1. Which members of region A:21-41 meet the condition of being touching a helix residue (DSSP H, G or I) at 6+ places or on another chain (Cβ under 9 Å) and exposed (fewer than 15 other Cβ atoms within 10 Å of the Cβ)?
2. Find the residue count for region B:420-458, including only residues that are within 11 Å of another protein chain (Cβ to nearest Cβ) and β-branched (Val, Ile, Thr).
3. Please enumerate the residues belonging to region B:426-453 that are among the aromatic types (Phe, Trp, Tyr) and surrounded by fewer than 22 Cβ atoms within 10 Å (Cβ to Cβ).
4. Can you tell me which residue among B:Ala390, B:Ala362, B:Ala370, B:Ala400 is at negative phi, within 14 Å of another protein chain (Cβ to nearest Cβ) and touching a residue at least 60 places away in the same chain (Cβ under 8 Å)?
5. Among the residues of region B:156-182, which ones are modelled with pLDDT under 85 and either within 12 Å of chain A (Cβ to nearest Cβ) or in contact with a strand residue (DSSP E or B) (Cβ under 9 Å, 6 or more places away or on another chain) (or both)?
6. Suppose we filter region B:403-416 for residues that are more than 7 Å from chain A (Cβ to nearest Cβ), out of contact with any Pro (no Cβ under 9 Å at 6 or more places or on another chain) and either closer than 30 Å to B:Leu471 by Cα or not aromatic (Phe, Trp, Tyr) (or both); how many remain?
7. Go through region A:1-57 and count every residue that is more than 10 Å from every other protein chain (Cβ to nearest Cβ) and modelled with pLDDT under 90.
8. I'd like to know if region B:49-64 contains one or more residues that are assigned to a helix (DSSP H, G or I) and aromatic (Phe, Trp, Tyr).
Amino acid sequence: MERNFWLGLVGLALSTVYLYGASFIRSTSFDDPVGAAGLPQILGWLLASVSILLISQAAVARLRHTTAASSEEDTDPTVFDAGTGQAWLRGLGVVAIAVAYIALLPFVGYPVAAAMLIFTMSRYFGMPLTWRVPVVAIVGALVMWGLFGVLFKVRLPLGLLAPLLG
Amino acid sequence: MDAFTLIVELITTTPLAFVAVVGLVWGIFGGALPGISPVIAMALLLPFTYAMAPMHAIVLLVATYIGAEYGGSIPAILIRTPGTNAAAATMIDGYEMTRQGRAGEALGISMTSSFIGAIVGLALVVLLTQPLSQLALAFRPSSYFALGILGLSVIATVSGPSLTKGAFGGILGLMISTVGSDPISGVGRFTFGNPDLFGGVPLLLVMVGLFAFSELMEQSSMKELPRPEGSSVRLKLPSLRMHRRLALPNLIGVAVGTFTGVMPGAGGTVASFMAYNEAKRFSRHKEEFGKGSPEGVAAPESANNADASVGLIPLLSFGIPASNSTAILLGGFLIHGLQPGPVLFSRDPSLLYGLFTGMLVACVALPLVAFATLGLCLFLVNRPKPYLMAFILVLVMSGAYSINNSLFDLSLVVVAGVLGFGMRYFRLPMLPALLGLVLGYMIESNFRRSLVLSRGDYSVFIQDSISLAFLVLAALFVCGAVLAKVRKSHARET
């Protein structure tokens, strides 16, 4: 239930920002009775209302001393439980790897970036450092380049390998 | 040209059959690999379908869907890890059969029951889709608006334990759908002057990010997957005697799957567990359930495959997705500028014949492909998880880049992935957000168009009988879900 409280706060913050953004939507002579800003404003207020409801539900549950085990959604086995900060940190690590890939792609080119991505992700997910990892990374990247660049004819940046593969 | 001739021509003169088999193979692998659900398998394919002919793209996605429903049973039976949520019921008796050295028999029963469920489901899709879609020929903008609201009201039934969170997710999806140009006046909304956002947030990228990328983030903190003991399992087809024994559980599975398939939000998981329970209720060998009963494998498998096929009916007839997978399929239609519904039937009937033909090929090819790919499936399931995760990320990023050769698209996937991970953390169900995202444009544009046509008269939504019927139905869905929830909480408290 703590989580619902924080979700409610996030929702309130989001609705505030969204309504602020909606205030900049221009009206024009083409507007109908609702206008371009109509739905965004309705959604912003709806989200704020739902967020307040979530916070209230969390507060009521807290007052009733409802434990996490008695909450149906908390015992739903199909729902991921990222209860620890470590899960978030690990997840953000994947984001960092992807962001690094996006940043490097135009400079080093697709084959090198893909190889680095496979290598880094494999190591990040716990693959011990042996000769196999870089080999799988290089072969995998070449297979991917063959699939996307050659077979599907996607215009991929070649970067460092342009003189060789271009 | 009659239907039979058209089907033969489609199979023999176009790559349709090849595409269907490729989709089936990919779906089986995707379903067999824990961490890749049918939704993710389909979402990963979306960028590839961009350059394909519409018919082939849709067939590829549907065949993937069919293959994944069977594929999910492979790790469920072999390593007690369902590849899909719907395979969780199969796991109960399937894994027990493996422990008794009957893995091949369990896989054979799973395959034949999947085939039966898929074929019956296909027959129903072919028979019911067009008649239902004729209703929609009478639709006006107000009717489409009300249909979108009905689609959104499905949120009430798919929200899981918390209606409030379902509403939260639905509103989130609708908010994302407002990014881009206003559908009536063309004014930019939430674009921040970025030309990449003038056309709105691409549905495909959001889907890939929400499902596939967030799954990778989640998997990064999860343990290694269990491995099958030995890799020499062979598929063993059921004997005639076994087929007789499995006739009733298969029939139960198909009936349950058909019922849940047309009910928005129920899904393969509900179908498979309901079928398991009902098969046990009517079985002459109740004591075997939970200890390796073949009926305990047959019923859920026929149910979830029937559910998968029949679930296409609301999508094809009205354009309303009833599950995450059909929402991805709707995305596939929209990417190619196609709107499911009666307009599709009248504008391009060959597309639907092509879809039905592709589904038929996928169903008929399922037993052959299952035999042929089991060895490779076992090989892939045995691969170290780090390599699997690495290649999935490369596929995600490469596929997203292939659409517009845009780094901004890759950033959108990452942002959607973080959003999806956040939704998992807060236990927000995904389908409501997806429904809001997919239906948002249709609802807003038709609502405002109706008001323009009626010169601002809101009673147009009541005067249109179809609109009124849908709005009443939507209200009933929501009230029913709220009442059920209230009754459940009272029962829990007492």
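The values are calculated or read from the model by the stated rules, or taken from the named source; none is laboratory data. Values in this document were obtained by computation on a predicted structure and should not be read as measured data. Don't worry about glycine lacking a Cβ; one is built from the backbone with ideal geometry, like all the others, and counts go over all protein chains shown.
1. A:Ser23, A:Pro33
2. Number of matching residues: 2.
3. Within region B:426-453, B:Phe426, B:Tyr441 qualify.
4. B:Ala400
5. B:Ser159, B:Gly160, B:Pro161, B:Ser162, B:Leu163
6. 4
7. Looking only at that region, the number is 2.
8. There is no residue in region B:49-64 that is assigned to a helix (DSSP H, G or I) and aromatic (Phe, Trp, Tyr).
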